[in-house]
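First comes the structure, then the notes that go with it.
The values are calculated or read from the model by the stated rules, or taken from the named source; none is laboratory data. Note that this is a predicted model, so its numbers are computed, not measured. A quick note on method: Cβ atoms are made from the backbone with ideal geometry, for glycine too, and the neighbour counts reach across all protein chains shown.
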């Protein structure tokens, strides 16, 4: 059972390319399957952390794999949305999210080289949750817009309107701020250190 958290994380990484291919198929079946896989991956993200704590099965491999799996899933899905919906999800927004992850990964590498580990900020965990909720909402709208009748019409209007962009703008701002808080913590030497951004 101690290996179950890492197994869930590895499964999340392995399923992400399948999810992305399904999403890019631009068919109702593909987008519906992609939504299902994304929700399953988000649940597994919660479960592997909970199981690791329950079984006291934390390991250096798990500390590396879990945030890596999150980044692959989130950035991969954001990239697909930038291809499918460039007006609502522009590439510069995806680039800022990716840059924040590169920054925090660099800080973690630097800290570990000095015999320390970077503590996960509570707001960083909230950031991941907000990203997952936003992406689930976008994938759900992609599915619903293909339905006939009023549901499809309303979903298309929401998806093509200004709401997704403004929500994304807030998400990107929050994401970048969490990266800057890590930098401030490193500079002030007041941050405690642990795994996962």
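Structure summary
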item	result
Residues of the stretch 76-95 satisfying the condition of being within 18 Å of residue 178 (Cα to Cα) and buried (at least 17 other Cβ atoms within 10 Å of the Cβ)	93, 94
Filtered residue count, the stretch 28-49, keeping only those that are more than 16 Å from the chain's Cα centre (by Cα) and either modelled with pLDDT under 95 or farther than 20 Å from residue 142 by Cα (or both)	0
Residue match in the stretch 50-60 (condition: at pLDDT below 95 and closer than 17 Å to residue 171 by Cα)	no
Qualifying residue in the stretch 79-87 (condition: within 10 Å of the chain's Cα centre (by Cα), in a helix (DSSP H, G or I) and within 17 Å of residue 169 (Cβ to Cβ))	no
Residue within the stretch 132-151 that is within 21 Å of residue 180 (Cα to Cα) and touching a residue at least 24 places away in the same chain (Cβ under 8 Å) present	yes
Residue within the stretch 108-115 that is buried (at least 19 other Cβ atoms within 10 Å of the Cβ) and either touching a strand residue (DSSP E or B) at 6+ places or on another chain (Cβ under 9 Å) or at pLDDT below 95 (or both) present	yes
